[in-house]
Amino acid sequence: MSYDHKKLARKWARAWVKNKKLYAAQDGSKKPKRYVLDMFPYPSGEGLHVGHTEGEVATDIYARFLRMQGYNVLHPMGWDAFGLPAENFAIKNKVHPAKVVKKNVANFKKQMDAVGLGYDWAREINTTDPDYYRWTQWIFLKLFERGLAYEAEVPINFCPSCKTALANEEVVGNGVCERCGTVVERRNLRQWMLKITTYADRLLKDLDGLEWSEQLKSMQRNWIGRSEGAELDFRVYHEKQDKVLFACINEKGETLLERRKGGAFAGKWLFPGGKIEREDTDMVQAAMREIEEEAGFGARDVEYLGFLGYFHPKAGKGNIPLLVFRMKKKNAKPAANTGHELKWQSVDEMPKEYGHDEFVEMFEGVRDAVKTGRVFPSAVSVFTTRADTLYGATYAVLAPEHPLVQENILGIENYKEVSAYVVAAKNKSDLERTAEAKGKTGVRLEGVKAVNPANGRAIPVYVADYVLGGYGTGAVMAVPAHDERDFAFAQAHGLPIEDVVVSADANCIIVHGSPQKDRRQEAGYLPDNERHWLPWLKETMEARGVKTFAPSMPTPWAPRHEEWKKEFEKLPVGEQSILVGHSAACSFLMRWLGERKRKVKKLILIAPSKVLKGEETARLEELYAFDIDASVRTLADDIEIIVADDDIDRIKESARLFGEALGVKPLWLPHGGHFTFLAMGTHEFPEALAAATRMKKAFTDDGVLIRSGKFTGMTSAVARTEIVRFVKGKEVVNYKLHDWIFARQRYWGEPFPLVFCECCADEVKSQKSKVKSSTFSKGELLNPGWIAVPEKQLPVKLPNVKSYEPSGTGESPLAKIDTWVKTKCPRCGGPARRETNTMPQWAGSCWYYLRFMDPKNKKALVDPKKEKYWSPVDVYVGGAEHAVLHLLYARFWHKVLYDIGIVSKKEPFHKLINQGLILGPDKQKMSKSKGNVINPITIVDQHGADVLRMYEMFMGPLEDAKPWDTQGIAGIVRFLERVHKIVRATAGIKKATPAKSQNSELERSVHKTIKKATEDIEHFHFNTAISALMILLNEMEKQSQMSKINCQMFVLLLAPFAPFLAEEMWEILGKKGSVHAQTWPKFDKKLVVENMFDLVIQINGKVRDVVRVQKGISESEAMQQATASENVKKHIEGKEICKKIFVPDRLINIII
RNA sequence: GCCCGGGUGGCGUAAUCGGCAGCCGCACAGGACUUAAAAUCCUGAGGUCGCAAGACCGUGUGGGUUCAAAUCCCACCCCGGGCACCA
């Protein structure tokens, strides 16, 4: 007879509602606490899905288990209810989003109750409740006050379908909106930004102490993307530049003029600088020198402002950079050292007749630049993590967004082409950019050169979109030899590739196949290579910093593999080795690699020999007796076969053989025979060898420096800091993480507690220059005109509007409500207007876990005592989709709250578990379109909540993705039916419970199960805990009669998993009170210790018998047992036992 | 391409301080009960050979270490997730 799960659900749901204490967390308790939290859901119209319930059932089981263990457990639930779906539904159906939310919440709650989730509903919260978002606004004000919020007009990700801005974290895949999958546009919009980058380091470092999966931690680390490197300055100049001009400006905006003897001041107000040497890395220093010589002002008196651009004295002729300096001293008096007269002069006062119009124009330019700050550095600063490769920088690349290409101040000669490229790059979608990732495009800036600060070498400058404007300085030095992207670009554009770092264990091993002779006599050699190829190659490689070995092999005429192997293995062959074989040695190398399966960098086979032919090759038979192992092709990054087309037939055949096996086309050279004897012969062979040893891809590892001036021989690690110091660079840390775009142009979100006041804006601007004693907060100074709404006036409530429709122009619908927008400035009382953007979806969820600790507090976000008691969240369970969104934002806010003393712990969530996806029965992701969605409530209706809960937990490990098996539920249904049956049977026994002895074996099993279940639940291994309960039930059913006590134990163990049935069974067993308020059973240590064990008897590692024996038996006793076995006897008969391995309480292995 | 996971019967999985591979469940087969079916209960089952006792093979593939490998090492293949020009 099956039990009526619907009746149980009704009966116990009612009882639990009445029993208010059952799931309530107690404030001010002396008991140890545990805070078990689910990621609170967005209450969608769809209701709960199986993904929700998986995590929620897991935390519910855990919370029930902890309560039974005597902990004071906080296990609350709430609603993250701001957001687009409710708003869109509201727009479509013309209802207020709040009403939609209310309805959905009621549905969610009903469904959660149906699943038997024991939340402390007295602590329910909702992010859209003004009493809640009042504190969201309050936290925003704290961020604002501390200068962590700022307004900026930045290019942002805009979703044209959602009609709102998106955070970087919300753009997924190839630049599509995380929510709706629409391709995201770039738009410039005024935004509120949060300085999450300030916390980048702490967000990174504090990950270490958390019990999160490595996967998740690495996702966060990756997102933060910290990299240590340096900024190095590359002076940029125009090729035709030979002089420098500079202007000095004083505090009054006047410029320093010079009058030559007897002449007018006209036209001479700029000092023409002296000649700039190409190698002069610092144009500014040169100009300073000039200022000192001409006017007596030292480096301390003036400050370099920047670079205005190139000046062309006579249109098109000459390119003279114009630098601007400002006097630091007030009323500085110039004193000419040259006999010329000097004075400060305002351009306004300068009579027209004084000078050329173009000088006046330039002066205006200088003044304008100083005023607006539009000056440029005369050097390009690049960010690199590989300063050790600086000597290998053969060109520089600017991002299309870089100011030096945005405005042509460098005198780029092909600027039309360049700007066309820049525009094209800007219009490329992320999708296109990604698709083109492999082919690197770019345009050279004609006429412009950069100076490598290490060696003074002038290198070309490019603009290319493989350099990102938003990272580092938006400019890079390109080292093609040691960076894959630069390598690809250099290859595409024919730029030099010069390696300056070699692997510390790079070497070249040349094995000759025939007696080596130096033949330098033949005519017609290239002068450079007039030697045997072997010493030539050795020299060439060593010049590149590669250690080279050319071992003499024993018995070269009739080689023996083993002997060669012995000799060869004395050499340091490694992953960075280049192996060069010649003739018979090619066979040796192939054979050796096939045997040893060692990875090497390159394998070069010259005139390979393997094929035997008649008696002349009898001497080679031993060495060649092997099968070519084709897997050798995977062992070397690069394989070359070189053979001459007039070599003998068996060599040519060998070359084809090797080529086929290795998937390499042998290179046929037109001249030369078996190379050894022809030595270098003609140029083809050395060229082929040089090509074969050339870099085929960038070497990006650390190593030892070569060709790097005085740094040659240093390791990369040391050279990195030394070179930065040498070129006066600065060490900097960069992050991939950007500041958080914290505004949405929609209605249904938290209003910002800010107003804009023109009057205060002016006040702030004037105060800024007046310094110090400001009454404005950091945020108000940082954002002139934006004034914080006083805390007392919080919450700034979301007004009612007629239409929630977003405008799509970047204005929120709130902007249309004049009565709400127009307000008084809380500071000066003047007219002001409210911020009409709203906060993004993530705001409310950044701190909700704190509110659960003290949900009704009117005076504070959370009472400090309560916070201290409950923090941190001990276990947090939710989906992996929040890995870099919610979990990063919440950690950021938490750290800010920590800094202002609101919270006591550095991190909010100690242990975090991501439940794995539940896939449809077809093993595909569940989706409406695939029609494979399982609704948990359907399962509850059919089989009851207990079945749903246990089945979801039994499917497999919580964190794994696993498919739903509709038939698999039957197992759980049967299990619970059998539990019901056996408990009823046991409860019905009127007689006294059977004597203990009858049940002693079962009792052991019960206690072992208690142990197993307890440990498994502690580790969230619910699938194995349930399995243990099943095993116990199977055993119980074998008993003719059960004792009530064992039955009770079983029900207690079942209670967290199947709360309804367990409660019913508890009642049937005649026990008082709720089963969920009982104490979790403890196991008896004596009962779980076995005194017998299964001794495994192995012969030569194979199991031959298993006997059950006393624990602790000795080796000889075990041996006795073993030899007594028939099967064992059979196997050892007539054999000699040479060894015995005995593992106490486990096995004995007899070796014969 | 890079970084994390992972690969075990027909299926979900169990066993990882190296020590009996396949627990538990599903599906399956045979039997009992039944007029019959369902449900329930009992039994069986990794593969090959064998009446059986048992033997051999077997944890993605190949190799290695070891008395002993799903577990450790090396190489490769495949699947899932994340990142993707971050210098």
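The values are calculated or read from the model by the stated rules, or taken from the named source; none is laboratory data. Nothing here was measured: the structure is a model prediction, and the numbers come from that model. Here the Cβ positions follow ideal geometry from the backbone for every residue, glycine too, while neighbour counts run over all protein chains shown. Accessible surface is based on the protein model in full, side chains and every heavy atom, while ligands, DNA and RNA are left aside. Shrake-Rupley method; radii C 1.70, N 1.55, O 1.52, S 1.80 Å.
Things worth noting here:
- Label point distance in nm, A:His1019-A:Asp4, each placed 7 Å from Cα along Cα→Cβ: 4.3 nm
- A crude spin-label estimate for the pair A:Lys868 and A:Gln1120, with each label 7 Å from Cα along the Cβ direction, gives 6.7 nm.
- For A:Gln191, the residues 5 or more places off, or on other chains, whose built amide H falls under 5 Å of its own are A:Ala152, A:Glu153, A:Val154.
- In sequence order, region A:637-653 has phi-based couplings of 4, 8, 10, 10, 10, 10, 9, 8, 7, 10, 6, 6, 4, 5, 6, 4, 5 Hz under the Karplus curve 6.51 cos²θ - 1.76 cosθ + 1.60, θ = phi - 60°, and Gly or Pro positions carry x.
- The label point for A:Glu364 and the one for A:Gln924, both projected 7 Å from the Cα toward the Cβ, are 6.8 nm apart.
- Paramagnetic label zone (point 7 Å from Cα along Cα-to-C-beta, A:Lys20; backbone N under 17 Å) in region A:97-135: A:119-124
- Two-site FRET efficiency, A:Thr617 against A:Asp646, from Cβ-Cβ distance with R₀ of 25 Å, rounded to 0.05: 0.85
- Cα-Cα over 25 Å, subset of A:Lys797/A:Lys858; A:Lys802/A:Lys822; A:Lys1012/A:Lys1102; A:Lys449/A:Lys601: A:Lys1012/A:Lys1102; A:Lys449/A:Lys601
- A:Thr634 accessible area, 1.4 Å probe, all protein chains in place, Å² to nearest 10: 90 Å²
- The charge dipole of chain A, taken about its Cα centre with unit charges on the Cβ of Lys, Arg, Asp and Glu (plus for the first two, minus for the last two), comes to roughly 5280 debye.
- Around the amide H of A:Ile606, modelled in the peptide plane, lie the amide H atoms of A:Gly581, A:His582, A:Ser583, A:Ile642, all under 5 Å away and 5 or more residues distant in sequence or on another chain.
- Shape of region A:799-919, Cα gyration tensor, a/c cut at 1.5: oblate
- Added length on full extension, which subtracts the Cα-Cα distance from 0.36 nm per residue, A:Arg1108 to A:Lys697: 141.7 nm
- Amide H contacts under 5 Å for A:Trp344, placed H, 5+ residues apart: A:Leu257
- Here the peptides A:842-848, A:957-963 are ranked by packing, the mean other Cβ count within 10 Å, and the order with the highest first is A:842-848, A:957-963.
- Whole-Hz Karplus values for region A:372-383 come out as 8, x, 7, 10, 10, x, 8, 10, 9, 8, 10, 9 Hz, taken residue by residue from phi with 6.51 cos²θ - 1.76 cosθ + 1.60 and θ = phi - 60°; glycine and proline positions read x.
- 18 Å reach of a label modelled at A:Thr966, 7 Å along Cα-to-Cβ, counting backbone N of region A:902-941: A:918-941
- Distance cut-off 58 Å, percentage of C-alpha pairs in chain A lying past it: 40 percent
- At full extension, A:Ala1077 and A:Lys765 could sit 105.9 nm farther apart than now, given 0.36 nm per residue minus the alpha carbon distance.
- Helix-only mean residue ellipticity at 222 nm for chain A, each DSSP H run of n ≥ 4 adding -39500 (n - 2.57), per residue, nearest 500: -10000 deg cm²/dmol
- Two-site FRET efficiency, A:Ser227 against A:Asp627, from Cβ-Cβ distance with R₀ of 45 Å, rounded to 0.05: 0.40
- In a reduced charge model with +1 at each Lys and Arg Cβ and -1 at each Asp and Glu Cβ, region A:724-869 shows a dipole moment near 440 debye about its Cα centre.
- The largest accessible area among A:Asp637, A:Asp922 belongs to the first residue in A:Asp637, A:Asp922, and the rest follow in falling order (1.4 Å probe, all chains).
- Between A:Gln345 and A:Ser213, the C-beta separation translates, for a Förster distance of 51 Å, into a calculated FRET efficiency of about 0.15.
- Furthest towards positive pole of dipole, A:Asn72, A:Ala122, A:Leu84, structure part region A:70-123, Cβ charges: A:Leu84
- Candidate aspartates and glutamates for bridging to A:Lys613, where Cα separation is under 12 Å - those fewer than 8 sequence places away on the same chain excluded: A:Glu621, A:Asp649, A:Glu653
- Derived scalar couplings between HN and Hα for region A:775-786 equal 8, 8, 7, 3, x, 5, 6, 6, 10, x, x, 7 Hz in order, rounded to whole Hz, by the Karplus curve 6.51 cos²θ - 1.76 cosθ + 1.60 (θ = phi - 60°), x for Gly and Pro.
- Inverse mean reciprocal Cα-Cα distance (Kirkwood Rh) of region A:859-919, Å: 12.7 Å
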